[in-house]
Amino acid sequence: MEDKELIEIRDPEIDAEAIMAEIRARIEERRREAGYEERAFPTFGAATPYPGVPGGDSSDAGLYHHLWLANQLYNQAETAPVLAASAATQLPLFGRLWKLVREQAHQLVLFYVNRLVAHQTNVDRHLVSVANELTREIQEQQEQIRALQEEVEALRQKGNRS
């Protein structure tokens, strides 16, 4: 909800946006005085988004390809029952009973497999999120390193001219 929706002031002499800016500034000032620590809360329910390939020629195509695949595949596990054809199911008397026993046995196994897959998917989601965050941080550090290298080079050239 935006501030404009929260408070509606129709007096032309009162600037609601300026008042809200002043309120925010005072809140920030009081937080600083009280030693309030900014906290970043993690997102819940989904993995940290894929950071994407950075611009420039120095990007490692293999890293971003595998990271993209990990983001696409971490939650795709196939656990549908697959019952191969059996000659025993063709028997007139016991075939139907054997088919029912096989289906129930497969459902029991799939119950436990699905529980394991759900847990593993959660672990994989967190691991993919960590990989995405580390990749994003590396991208930022590489940009900072490039900027510092350019600054050092500019200072060297300036020193050579003197």
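The values are calculated or read from the model by the stated rules, or taken from the named source; none is laboratory data. Just so you know, these numbers come straight off a predicted model, no measurement behind them. Virtual Cβ from ideal backbone geometry, glycine too; neighbours counted across all protein chains shown. All accessible areas refer to the heavy atoms of the entire protein, side chains included, with ligands and DNA or RNA removed. Shrake-Rupley method; radii C 1.70, N 1.55, O 1.52, S 1.80 Å.
Some values worked out for this structure:
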item	result
Relative contact order of the chain, pairs being alpha-carbon contacts under 8 Å that are 6 or more residues apart, as %	29 percent
If the convex hull is drawn through the Cα atoms of segment 51-107, its volume per residue in Å³	94 Å³
Two-site FRET efficiency, Val53 against Thr121, from Cβ-Cβ distance with R₀ of 22 Å, rounded to 0.05	0.30
Mean accessible surface per residue for the chain, computed with a 1.4 Å probe while every protein chain stays in place, in Å²	87 Å²
Gain upon complete extension [Glu150, Asn114; 0.36 nm per residue less C-alpha separation]	7.6 nm
Degrees separating the helix 95-161 axis from the principal Cα axis of the chain, which is the longest one	20 degrees
Kirkwood Rh and Cα Rg combined as Rg over Rh, evaluated for the chain	1.28
Degrees, to the nearest 10: 16-34 long Cα axis against longest axis of the chain	80 degrees
